[in-house]
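The values are calculated or read from the model by the stated rules, or taken from the named source; none is laboratory data. Only a predicted model underlies this, so the values are computations on that prediction, with no experimental measurement involved. FYI the Cβ positions are ideal-geometry reconstructions off the backbone, even for glycines, and counts take in every protein chain you see.
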Amino acid sequence: GIQVEQSPPDLILQEGANSTLRCNFSDSVNNLQWFHQNPWGQLINLFYIPSGTKQNGRLSATTVATERYSLLYISSSQTTDSGVYFCTPYMRFGAGTRLTVKP
Amino acid sequence: GAVVSQHPSRVICKSGTSVKIECRSLDFQATTMFWYRQFPKKSLMLMATSNEGSKATYEQGVEKDKFLINHASLTLSTLTVTSAHPEDSSFYICSAREGGEQFFGPGTRLTVL
């Protein structure tokens, strides 16, 4: 099956900082999503982005399918951004990036 | 976006009993639903794909007799953990797909004593 690698595994930021999370996958995909799992376990849809670039407020994402990676950008981070971020090509989860934003 | 619900949100049971978890798509029909489990501080592992009106497809290493899946309608899939043991304690999460996008339920935390 498809292999998913996310980096960095852990990230600690000061509130207001920007960050980039990366997702590499082993095979070409036409289905990729980014999720944020909050402290209560709920998975929140961030982006459905099999290719191209999308933006939603302080978050944006880019997928370069031909090069098998996707990036999630978080700008002006807030404490409520804390949690685990997953990318999922074809319903398969990477290990995630655990983000902690400190006030 | 689409809404997926799960019931119960939390269940505690004795070893040897069976537990049923329901997953519903509230505002759309889902011919396919997915069941995951998640251990603390770990990622989600896909257990099986539930297909409406036909047998579920299980991932390698997942015991189909242990984790019974039924997808009897276009809005409901159930996961039954049979003869539960403490090692089955976990966070179980379902999802359904609308278009190409997956939407997740809030999860069920199972504790087997």
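Only residues in region B:17-46 that are free of Cβ contacts under 8 Å to residues at least 12 places away in the same chain count as the first member; pair them with residues that are of a type in the set (K, R), Cβ under 9 angstrom, at least 6 apart or cross-chain, and list the lot.
Close Cβ pairs (under 9 Å, with a partner that is of a type in the set (K, R)) amount to B:K41/A:R98.
Looking at (1) surrounded by 19 or more Cβ atoms within 10 Å (Cβ to Cβ); (2) farther than 28 Å from A:R98 by Cβ; (3) within 14 Å of chain A (Cβ to nearest Cβ), which is the only condition B:Y36 fails?
(2)
Please enumerate the residues belonging to region A:39-55 that are within 12 Å of chain B (Cβ to nearest Cβ), free of Cβ contacts under 8 Å to residues at least 40 places away in the same chain and either within 18 Å of B:G1 (Cα to Cα) or touching a Phe, Trp or Tyr at 6+ places or on another chain (Cβ under 7 Å) (or both).
A:G41, A:Q42, A:I44, A:N45, A:L46, A:F47, A:Y48, A:I49, A:P50
Name the one entry in A:R98, A:R92 that is touching a residue at least 60 places away in the same chain (Cβ under 8 Å), at the interface with chain B (Cβ under 10 Å from one of its Cβ atoms), out of contact with any Ser or Thr (no Cβ under 8 Å at 6 or more places or on another chain) and in a strand (DSSP E or B).
A:R98
Please tell me if A:R58 is touching a strand residue (DSSP E or B) at 6+ places or on another chain (Cβ under 8 Å) and at the interface with chain B (Cβ under 10 Å from one of its Cβ atoms).
Judged against the criteria, A:R58 is not a match.
What tally of residues in region A:9-23 results from selecting those that are surrounded by fewer than 17 Cβ atoms within 10 Å (Cβ to Cβ) and either in contact with a helix residue (DSSP H, G or I) (Cβ under 9 Å, 6 or more places away or on another chain) or under 14 Å from A:F93 (Cβ atoms) (or both)?
Counting residues in region A:9-23 that are surrounded by fewer than 17 Cβ atoms within 10 Å (Cβ to Cβ) and either in contact with a helix residue (DSSP H, G or I) (Cβ under 9 Å, 6 or more places away or on another chain) or under 14 Å from A:F93 (Cβ atoms) (or both) gives 2.
Tell me which residues, restricted to region A:1-27, are among the hydrophobic types (A, V, I, L, M, F, W, C) and within 12 Å of another protein chain (Cβ to nearest Cβ).
Answer for region A:1-27, where residues must be among the hydrophobic types (A, V, I, L, M, F, W, C) and within 12 Å of another protein chain (Cβ to nearest Cβ): A:I2, A:V4.
Name the single residue, out of those in region A:28-38 being modelled with pLDDT of 90 or more and more than 9 Å from chain B (Cβ to nearest Cβ), that is surrounded by the fewest Cβ atoms within 10 Å (Cβ to Cβ).
A:N38
Among the residues of region B:3-19, write down those that are in a loop (DSSP other than H, G, I, E, B) and closer than 29 Å to B:E101 by Cα.
B:V3, B:P8, B:S9
A quick yes/no check of all residues on (1) closer than 22 Å to A:Y48 by Cα; (2) within 12 Å of the chain's Cα centre (by Cα); (3) facing another protein chain (nearest Cβ under 10 Å); (4) not hydroxyl-bearing (S, T, Y):
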{"site": "B:S5", "(1), (2), (3), (4)": "yes, yes, no, no"}
{"site": "B:V11", "(1), (2), (3), (4)": "no, no, no, yes"}
{"site": "B:T17", "(1), (2), (3), (4)": "no, no, no, no"}
{"site": "B:L26", "(1), (2), (3), (4)": "yes, no, no, yes"}
{"site": "B:M45", "(1), (2), (3), (4)": "yes, yes, yes, yes"}
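Among B:G53, B:G105, B:G99, which is closer than 26 Å to A:C87 by Cα, of a type outside the set (V, I, T) and at pLDDT below 95?
B:G99
Here is a check on your reading of the model: is A:L72 assigned to a strand (DSSP E or B), without any contact (Cβ under 8 Å) to a residue 60 or more places away in the chain, away from chain B (no Cβ under 14 Å) and within 27 Å of B:P106 (Cβ to Cβ)?
yes
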